[in-house]
1. Would it be correct to say that Tyr177 is at pLDDT 90 or above, within 21 Å of Gly65 (Cβ to Cβ) and of a type in the set (Ser, Thr, Tyr)?
2. Residue by residue through region 133-168, note down the ones that are free of Cβ contacts under 8 Å to residues at least 40 places away in the same chain and touching an Asp or Glu at 6+ places or on another chain (Cβ under 7 Å).
3. Just checking, how many residues over region 30-54 are of a type in the set (Gly, Ala, Ser) and closer than 20 Å to Ile187 by Cβ?
4. Out of Ser67, Ser156, Ser86, which single residue is closer than 22 Å to Leu20 by Cα and part of a helix (DSSP H, G or I)?
5. Which residues, counting only those in region 114-162, are in contact with a Ser or Thr (Cβ under 9 Å, 6 or more places away or on another chain) and crowded, with 18+ Cβ neighbours inside 10 Å?
6. Could we say that Val108 is in contact (Cβ under 8 Å) with a residue 24 or more places away in the chain and either among the hydrophobic types (A, V, I, L, M, F, W, C) or not in a helix (DSSP H, G or I) (or both) here?
7. Restricting to region 177-206, name every residue that is farther than 30 Å from Lys118 by Cα and touching a Leu at 6+ places or on another chain (Cβ under 6 Å).
8. Give me the residue from region 44-87 that is farther than 19 Å from Asn197 by Cβ and free of Cβ contacts under 8 Å to residues at least 40 places away in the same chain and, out of that set, nearest to the chain's Cα centre (by Cα).
Amino acid sequence: MSYSTTYQTSPVAKLVYAFLTALAVVAFGFFIGQWVPVSMVLPLIILEFILLIAMIVARSKKSVGYSLMYSFMLVSGLTLYHVIASYINILGTGEVFKAFTLAVVSFVGVAIYAARTKEDFSFLGGFLTMGLFALLGLLLIQWFIPFSSVGQMGISALGILIFLGFTIFDINRLVRYGFTEEEIPMIVVNIYLDFINLFTYILRFFASDED
C-alpha cells in the first residue's frame with residue numbers, strides 16, 4: 001500500500017509571500033528611481049493610475065492580476081523615490097524618517113486592532129469612499145486656489161484619518177470574511193496603498209508646518 005501526501009500552501013501564506021515580494025519590487029523601483037529624470041515622473045504617475053484601473057478590471061484573472069501587481073509596484077517605486085527626495089529637500093532626512101516611523105507605528109497599531117477586535121467595520125466602506133472623494137475634491141481645488149498652511153494641515157489631517165480608516169476597514173474585512181487566491185494581488189495593492197498614502201499625508205502634514 002502506498003500513501004501520498006499533498007502539501008498546499010495556505011492563502012494567508014500566499015498573501016504574505018506576495019506582499020513581501022511586492023515590497024521587494026517597490027524597493028528595486030525606488031533604488032533605480034534615482035536615475036529616472038524628473039520629466040518622466042508625471043508620465044509614470046499616469047501609468048501608475050492606468051495600471052491600478054487595469055488591476056481593478058482584471059482582478060478576477062489570477063495570472064493577469066499578478067503581472068499587473070508587480071508592474072504597478074515597480075512603477076510606484078520609481079515615483080516614490082522622487083516624492084521622498086522632494087520631502088527630504090523640504091524637511092530634511094531626520095523629519096522624513098520620523099514621519100516614516102510614525103506611519104509604521106500607526107499602521108501596525110490600527111492593523112493589529114482591526115485584526116483582533118470583535119467589531120465589524122464593514123459599515124465604514126461608504127463613509128471612507130465619500131471621504132476619499134471629498135479629499136480628492138479639496139486637492140483639485142487647491143491646485144487652482146492655493147490654501148494657507150492651516151488649510152494644508154487640515155487636508156493632510158483628513159488624509160491621515162481616511163487612510164487609517166481604510167487600513168482598519170481592509171484588515172478587518174480580511175480577518176472576518178477571508179479571501180480567495182484570485183483576490184491576493186488586489187489585496188496586496190490595497191494594503192500597500194493604505195500605508196503609502198498614510199505616509200505621504202503625514203509628510204504633507206509635516207511640510208505644511210514649514211510654510
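1. For Tyr177, the condition - at pLDDT 90 or above, within 21 Å of Gly65 (Cβ to Cβ) and of a type in the set (Ser, Thr, Tyr) - is not met.
2. Across region 133-168, the qualifying residues are Phe163, Phe166.
3. Adding up the residues that qualify gives 1.
4. Ser67
5. Those that are in contact with a Ser or Thr (Cβ under 9 Å, 6 or more places away or on another chain) and crowded, with 18+ Cβ neighbours inside 10 Å: Ala114, Gln152, Met153, Ile155, Ser156, Gly159, Ile160.
6. no
7. Once the filter is applied, which keeps residues that are farther than 30 Å from Lys118 by Cα and touching a Leu at 6+ places or on another chain (Cβ under 6 Å), region 177-206 yields only Phe206.
8. Ser71
The values are calculated or read from the model by the stated rules, or taken from the named source; none is laboratory data. Keep in mind the model is a prediction, meaning the values are calculated, not measured. We place every Cβ from the backbone using ideal geometry, glycine too, and count neighbours over all the protein chains shown.
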